């Protein structure tokens, strides 16, 4: 590992690109000496993105055998791929599903005695201990070098469960049911758009889709067993994911009490807006380059209580934003185990209380 605190991001997709940008913009406050990133494929369409990230202060790493291809595009790299990993203090893998596990076997295990920590995003079950900021921070120990940052909708479900169903370490949620109404793709993507609503299979016999499975295992890191089930579908929009939640409790709760719990959670934003485009637009104007970092945006007019013990409603998922917050939180924890909370204060402006 080189001298100084170096954060290396692998991948420049819908999480990688804004993460690199935020790390660069907040580098001084976060105590980061250098931000590096790996770009796999040289293509003309991505040239402006690469140059923009370099202009913001990040240093590019590429596969050595692709040097000429990048040079033909007018792009010069600073490091080769493995050199950038070897120099890093923390590596954040933002590659597509399954690639993070492959990179762990090929590269990360080789340098685990020199690098402080490794993170992988989304559907990388088995990469390391699962994590979501504000949910299971106490479960992360100094021995946890490999961390799996859960998906954006898993963050959302987890924070709803914690807000309504958890008091300290006691679980008051008897049953949680969630329907993830997912956007088709990101506004930055042309592929994978769907022309009409497309439902997903319940692949897990007990818990449905991976969202419930992941949130179950997330809470298991705290020694808590939860009864949770999820369904999901995609709809033909690019704005935001939306989740319908149904949380049954073993105690009474009024609508006003539920709202107050959401308001008091620093990772939760609330809104009177009922359309995802207006929430998305607010994030575009007031987030960090379009992204707010909250775990969820609770839609106040939809909060409803049935029989005094069942809270239902809708919320929006600040996709990527909550994963980015968790990634930076863990990266800072690796770099500054005794003072990372102080370092993270610079991100407070993007944790909104109301949208």
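Miscellaneous remarks
- Choice from 342, 285, 205 showing the highest fluctuation, given a GNM over the chain with Cα pairs closer than 10 Å: 205
- Highest to lowest packing among 107-113, 182-188, 216-222, 157-163, scored as the average C-beta count within 10 Å: 157-163, 216-222, 182-188, 107-113
- Rg/Rg_globular for the chain, with Rg_globular taken as 2.2 N^0.38 Å and Rg from C-alpha atoms: 0.98
- Extension gain (nm, one decimal) between residue 47 and residue 199, 0.36 nm per residue minus Cα-Cα: 51.2 nm
- Projecting label points 7 angstrom from Cα along Cα→Cβ for residue 238 and residue 274 puts them 2.7 nm apart.
- Projected label distance in nm at residue 192 and residue 284, using a 7 Å step from Cα toward the beta-carbon: 2.1 nm
- Choice from 298, 50, 324 with maximal GNM fluctuation in the chain (Cα, 10 Å cutoff): 50
- Mean ellipticity per residue at 222 nm, deg cm²/dmol - from DSSP H runs of n ≥ 4 across the chain, formula -39500 (n - 2.57): -8500 deg cm²/dmol
- Summary of packing: across the peptides 41-47, 51-57, 126-132, the per-residue average of other C-beta atoms within 10 Å ranks them, highest first, as 126-132, 51-57, 41-47.
- Full-extension gain in nm, residue 349 to residue 67, via 0.36 nm per residue minus C-alpha separation: 97.6 nm
- Kirkwood hydrodynamic radius of region 152-319, Cα pairs, Å: 16.3 Å
- Stokes-Einstein translational diffusion, region 268-355 - Kirkwood Rh over all Cα pairs, 1.002 mPa s, 20 °C, in µm²/s: 151 µm²/s
Every number here is computed from the coordinates shown, using simple stated rules; none is lab data. It should be emphasised that the depicted structure is a prediction, and the values quoted were computed from it without experimental measurement. Neighbour counts are summed over all protein chains in view; Cβ atoms, including those assigned to glycine, are modelled from backbone coordinates with ideal geometry.
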